[in-house]
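**Student:** Please see the structure below; I have some questions.
What follows draws every value from the coordinates through simple rules; no lab data is involved. Quantities reported herein were computed from a predicted structural model and do not represent experimental measurements. Methodologically, a virtual Cβ is constructed for each residue, glycine included, from the backbone with ideal geometry; neighbour enumeration extends over all protein chains shown.
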Amino acid sequence: MKVLVSGIVDLSTIDYPKKASAVIFLHGCNMKCPYCHNLKYVLEHKKEMTVEELFNNIDFFFADAIVISGGEPTLQKDAVIGIARYAKEKGFPVKIDTNGTNPEVIEELIKDNLIDYVAVDVKCRFDRYKDFVKCREDGKEIKKKILKIIELCKANNVFVECRTTYVPRVMGKDDIEEIAKTVKDCDLYAIQQFEPKDAYDDEFKKLPMPKEDELKELGKIAKKYVDNVVIRTINGTFEV
Ligand code: SF4
């Protein structure tokens, strides 16, 4: 089975909470998030390899976990399952980053005991999805899928994080409140600091980066609904 890989990072201390991880970026995505930093890269770079070749390309000197990311990794279902199985056989915990559009892939990973941590992006308020991330499905459908992922994870003791990148001027307190209300059963809700510098959409490059205090206020709003809330900034992760 072949995997389409855009990139590998041998060691990351930020992609798998509390672990040093190797991150595999799979090719392709079904969204066009205006703030995305790596969409261009994952669409333009594509190397075909087997799972064994992929793992032979990773330097495991420091990493003790695997993160499968993208792009949207679940677009390559067999590859994701192959990578997770291989990683588990080697004894690594596995995390997947997903935009939530393919819960059936998460279901299969859970069924085969191949996943420890699922991080689901909630891009914006669900009624704004189609317009915001230029995806095919409407927000109602995506909401159902994200709720299904949360339910599957909770029923099977797989840690599930939901996370939103907060973009000032484009989003407001109401957006975070609405999202937090919807994903209230997740294990962790993270509000991430938007970084304009490498945004995919040039208009978003002109928007300001939200201040830490602003994110903390948003965190307090989210905390009314979700037990565990953090904010993630360029200076680190802070509990709310
Ligand atoms: S941030 Fe959006 S566009 Fe970028 S890789 Fe993730 S889902 Fe795709």
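**Student:** Going through region 70-99, which trypsin sites (Lys or Arg not before Pro) have at most 10 other Cβ atoms within 10 Å and a DSSP loop state?
**Tutor:** Lys90
**Student:** Based on other C-beta atoms within 10 Å, arrange Tyr166, Tyr41 from fewest to most.
**Tutor:** Ordered from fewest to most neighbouring Cβ atoms within 10 Å, Tyr166, Tyr41 come out as Tyr41, Tyr166.
**Student:** Would you compute the Debye intensity of the chain from its alpha-carbon atoms alone, equal scatterers and no solvent, and pass along log10 I(q)/I(0) at q = 0.10, 0.12, 0.15 Å⁻¹ to two decimals?
**Tutor:** Taking Cα atoms of the chain as identical point scatterers yields -0.44, -0.65, -1.05.
**Student:** Oh, and also: If you fit an axis through the alpha-carbon atoms of helix 212-223 and take the longest principal axis of the Cα set of the chain, what angle between them do you get, 0 to 90°, nearest 10?
**Tutor:** Taking the Cα atoms of the chain, the angle to 212-223 is about 90 degrees.
**Student:** Below 16 Å, Cα to Cα, which aspartates and glutamates can Lys211 reach? Residues fewer than 8 away in the same chain don't count.
**Tutor:** List returned: Glu195, Glu239.
**Student:** Something else: Helix 173-182 versus the longest principal axis of the chain: what is the Cα-based angle in degrees, 0 to 90, to the nearest 10?
**Tutor:** Approximately 50 degrees, to the nearest ten.
**Student:** Most fluctuating residue of Ser12, Ser69, Ser21 in a GNM of the chain with Cα springs under 10 Å: which is it?
**Tutor:** So, out of Ser12, Ser69, Ser21, the one fluctuating most is Ser12.
**Student:** Further question: If I model a spin label at Lys206 and Lys220 as a point 7 Å from the Cα along the Cα→Cβ vector, what separation in nanometres do I get?
**Tutor:** 3.3 nm
**Student:** Okay, moving on. For region 2-239, give the share of DSSP beta bridges that are antiparallel, in percent and rounded to the nearest 5; count only bridges with both residues there.
**Tutor:** 30 percent
**Student:** Using only the alpha-carbon atoms, how far is helix 77-89 inclined from the longest principal axis of the chain? Give it as 0 to 90 degrees, nearest 10.
**Tutor:** 70 degrees
**Student:** On a straight-distance basis, which lysines could pair with Lys143 in a cross-link, Cα separation under 18 angstrom, same-chain partners fewer than 8 positions away excluded?
**Tutor:** Lys32, Lys123, Lys130, Lys134, Lys154, Lys181, Lys184
**Student:** If each DSSP helix of 4+ residues adds -39,500 (n - 2.57) and the sum is divided by the residues in the chain, what number results at 222 nm, nearest 500 deg cm²/dmol?
**Tutor:** -9500 deg cm²/dmol, from helical runs alone.
**Student:** For a footprinting-style exposure proxy, rank Met1, Met31, Met49 by other Cβ within 10 Å, fewest first.
**Tutor:** Met1, Met49, Met31
**Student:** Okay, moving on. In what sequence do Tyr86, Tyr200 fall when counting other Cβ within 10 Å, fewest first?
**Tutor:** Going from least to most buried by this count: Tyr200, Tyr86.
**Student:** What is the dipole size for region 2-239, taken about its Cα centre, with +1 at each Lys and Arg Cβ and -1 at each Asp and Glu Cβ, in debye to the nearest 20?
**Tutor:** 460 debye
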